[in-house]
Amino acid sequence: MAATEDFIANLPDSLAPGLKVRLLAMETTKSKWDTIYIGSKPKRYLILEQPRINGLPIKFDDNSKWSINFINNGQIFNFRCEVIGTCSRPVPLLFLSYPDSVETANLRNNKRYPVRIPMTVEAAAEEGPEEPLAKGLILDLSLGGCLAATTADLPPERTLLVTLYFDDKKIINGVKMEKKSGRRVMGTFYSGLSFLPTNSPEVNNQVTDIINDIENIPLRL
């Protein structure tokens, strides 16, 4: 990962409220929790939902050190901070010190191309018909995956079957993808999707043809 000091000022833009983050204790290997980012006061503190176990908030010691990482828009972000304190009312919240530095790394090494491709998403079922999930738009596309905006949240760790629709009436059916990251902004769900290696050669060739067509569009000034 590469350290990005200038990124600190823009951290709230990438840490959108509602984004899932992971906490890893720096002083023990046994504590690891997933929770939700609530908000921040830039350069002062971060606010997270206090993780729970069996419905009860987990106790965090003041000044304990934690590593936080999250995935957003095709990038992995990682930084360290300390617990400032907690509160129980009106809801259990965890307050952390604002990071001094942030490290980032790209999930997708392939070049991304901005697009607006209508899509529908279904969840593949082991038995019976697929389960309809959402409609939306693909906002960027690469050989490794895409960024999608949808009307409903997409489930992680499930095979998603995506259908792509084009202006020339061309349709690509059954593109297998998996959700790698996600966030919600103003009622829209944004998901980083990765193509699965189980896609057929035909589907892979169709996606490659789309990207080749985009690359061959002449630049207009």
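The values are calculated or read from the model by the stated rules, or taken from the named source; none is laboratory data. Quick caveat: nothing in here was measured; it's all calculated off a predicted structure. Heads up, the Cβs are rebuilt from the backbone with ideal geometry, glycines too, and the neighbour counts pull from every protein chain shown. Just so you know, the surface numbers come from the protein's heavy atoms only, side chains and all, with ligands and any DNA or RNA stripped out. Shrake-Rupley method; radii C 1.70, N 1.55, O 1.52, S 1.80 Å.
Of all residues in segment 146-164 being part of a loop (DSSP other than H, G, I, E, B) and touching a Leu at 6+ places or on another chain (Cβ under 7 Å), which is most open to solvent (accessible area, probe 1.4 Å)?
Thr159
Among the residues that make up segment 125-136, is at least one of them within 19 Å of the chain's Cα centre (by Cα), surrounded by 16 or more Cβ atoms within 10 Å (Cβ to Cβ), under 15 Å from Tyr190 (Cα atoms) and of a type in the set (Gly, Ala, Ser)?
Within segment 125-136, one or more residues are within 19 Å of the chain's Cα centre (by Cα), surrounded by 16 or more Cβ atoms within 10 Å (Cβ to Cβ), under 15 Å from Tyr190 (Cα atoms) and of a type in the set (Gly, Ala, Ser).
Check whether at least one residue in segment 84-99 is among the hydroxyl-bearing types (Ser, Thr, Tyr) and modelled with pLDDT under 80, and report yes or no.
no
For (1) at pLDDT 85 or above; (2) surrounded by fewer than 17 Cβ atoms within 10 Å (Cβ to Cβ); (3) not in a strand (DSSP E or B), each residue gets a yes or a no:
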| site | (1), (2), (3) |
| --- | --- |
| Lys169 | no, yes, yes |
| Val175 | yes, no, no |
| Glu178 | yes, no, no |
| Ser181 | no, no, no |
| Asp213 | no, yes, yes |
| Leu221 | no, yes, yes |
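The conditions are (1) small (Gly, Ala, Ser); (2) within 14 Å of Val207 (Cβ to Cβ); (3) at pLDDT 90 or above, and Gly144 fails exactly one of them. Which is it?
Gly144 satisfies every listed condition except (3).
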